[in-house]
Amino acid sequence: MAANIFDFKGGRAHFIGIGGSSMSGLAGYLQELGYSVTGSDRTQSHKTEHLEARDIRVHIGHSAENVRGADVIVYSAAISQENPERAEAARLGIPQIERCELIGQLMEGYPFAVGVSGTHGKTTTTSMLAQAFMQAGVDPTIHIGGELDFIGGSTHLGGRHDFICEACEYNASFLRFKPSVAIILNIDEDHLDFYKDIDDIEAAFAKYAALVPKDGWVIAWGDDERARRVCLNADCNHMTYGLGEDCMLRPANLAYDELGRASFAAVLNGEALGDFHLNVSSEANMLDALAVICTAYIRGLDMAKVAEALGSFVGAHRRFELTSVTDGVKCYTDYGHNPAEIKNALKIASLQPHDRLWSVWQPHTYSRTKTLFDQFVETFDLADRLLITDIMGAREADPGDIRSEMLLEPIRARGVDAVVTPTFDDAEAYLRAHWRSGDIMISHGCGDIDLLNEQIANHGDTKK
């Protein structure tokens, strides 16, 4: 049985991999709760610098000595038992808690605990929820896997009634959570290094829904057959949303403006809840907003204030985020890393006024690139030019049987002008040599591809 973080209140909690979006937020959260927090990460980053500014000591590089004197260790799924700090903690008998186990412990006891799950859209929906609840006068405790300017980062320590967080299905991590409201945005193929197939993934979501108590709620996208099935089979209250006639919450009078931003009347089982006008583009964001409206309705929030919040929501960082205008080219970055997410980002980009659309993709993990190879080949049809960097292995060793170059021929066969630019320096040089004012560039990936945008912005304009 895992250690419980509350047994170490006031003690030193050491985070291995503290620079991650979720881990850095949790580190700050525990500091606010009165823990002494330290951490380590492979590389220095803006997040580690921000933590240092908050008097959280961060060691760059993993070393056994970093954990000595700690009362409890927090680690993410990407940190193996062979990590020198985890190994030393085991030798010294220091208790260890996996990141998602920690989140489950933190959310336990909240009467209205919302876990936002789904293969894609979690960060955006969680961010929308956070802003809607806060603008409606509720002070929730929040944990987002990205950063939202509205709350000043990725976490917010609020009251003891409402808890809002992402619930990731990787490694079945979300089965450690304690939701009273489970949102299921979609169920698609991903993380096939862990799951056998799509049926195995659906079975995990069914187990997640089963965590909800009888008086709780499962909310799901009703147009997704698998999400709908999981929702309707859950032994608790349920609500579906979507475009289909059998969905409980539907958008009436749905229209999109020239930038793809939706306006609609939300109608729940024939009851009009209010009019909504979004400030973010695409059908995917409209559907995420419907999930937020379902949750807000169950919570009893003022729908006029929810509508105001959704109308002012501009997105979380790294979710179709404009990072610079360089050489007259608008440069965006997006965290999307599976085919559905990348297609959605390209759809949004295609709606912006532009000449040519450049896509720069950093494939994330060898296993995902292999298992979703055929889907990735069909992902970039909206791009005029595609640059592919080397695959980011992240937690995986290079198996030697998959390379970015293998994607070129099948993607080119679909009419997309694709090249491999192995490094960020290569990508920036290629872009600057070939793009022109009026183009749009968007980078994709959940690795460190945002650093490409950062170096482009830092280097400034090269053509005057």
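The values are calculated or read from the model by the stated rules, or taken from the named source; none is laboratory data. Just so we're clear, the structure is a prediction, and the values are computed from it rather than from any experiment. Reconstructed Cβ throughout: ideal geometry from the backbone, glycine too, with neighbour counts over all protein chains shown.
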Exercise. Can you name every residue in segment 318-357 that is surrounded by fewer than 19 Cβ atoms within 10 Å (Cβ to Cβ) and in contact with a Gly (Cβ under 7 Å, 6 or more places away or on another chain)?
Worked result: 328, 351, 354, 355
Exercise. Among the listed residues 80, 63, which satisfies the condition of being within 24 Å of the chain's Cα centre (by Cα), more than 19 Å from residue 147 (Cα to Cα) and among the small types (Gly, Ala, Ser)?
Worked result: 80
Exercise. Looking only at segment 252-264, which residues are within 19 Å of residue 312 (Cβ to Cβ) and either of a type in the set (S, T, N, Q) or in contact with a strand residue (DSSP E or B) (Cβ under 6 Å, 6 or more places away or on another chain) (or both)?
Worked result: 256, 259, 260, 261, 262, 263, 264
Exercise. Within segment 228-293, which strands (runs of 3 or more DSSP E) (wholly inside it) include 3 or more residues that are more than 27 Å from residue 216 (Cα to Cα) and not hydroxyl-bearing (Ser, Thr, Tyr)?
Worked result: 249-256, 261-268, 271-281
Exercise. In segment 302-333, which residues are modelled with pLDDT of 95 or more and either assigned to a helix (DSSP H, G or I) or under 13 Å from the mean Cα position of the chain (by Cα) (or both)?
Worked result: 303, 304, 305, 306, 307, 308, 309, 310, 311, 312
Problem set entry | Exclusive hit being surrounded by fewer than 23 Cβ atoms within 10 Å (Cβ to Cβ) and in the same structural domain as residue 219 (by TED's automatic domain parsing), set 134, 128 | 134
Exercise. Looking at segment 245-269, which of its residues are more than 28 Å from residue 352 (Cα to Cα) and exposed (fewer than 13 other Cβ atoms within 10 Å of the Cβ)?
Worked result: 245, 246, 269
Exercise. Using beta carbons and a limit of 6 Å, which pairs, at least six apart or on different chains, have the first residue in segment 182-210 and assigned to a loop (DSSP other than H, G, I, E, B) and the second one acidic (Asp, Glu)?
Worked result: 186/224; 187/202
Exercise. Can you tell me which residues in segment 223-272 are among the acidic types (Asp, Glu) and in contact (Cβ under 8 Å) with a residue 24 or more places away in the chain?
Worked result: 223, 224, 235, 246, 258
Exercise. Which of the residues spanning segment 330-370 are in contact with a Pro (Cβ under 9 Å, 6 or more places away or on another chain) and more than 20 Å from residue 315 (Cα to Cα)?
Worked result: 366, 367, 369, 370
Seminar exercise, completed: Those residues of segment 174-208 which are buried (at least 19 other Cβ atoms within 10 Å of the Cβ), over 22 Å from residue 339 (Cβ atoms) and small (Gly, Ala, Ser) amount to 180, 182
Exercise. With respect to residue 119, is the statement that it is within 26 Å of residue 39 (Cα to Cα), assigned by TED's automatic domain parsing to the domain that holds residue 207 and in contact with an Asp or Glu (Cβ under 8 Å, 6 or more places away or on another chain) true?
Worked result: no
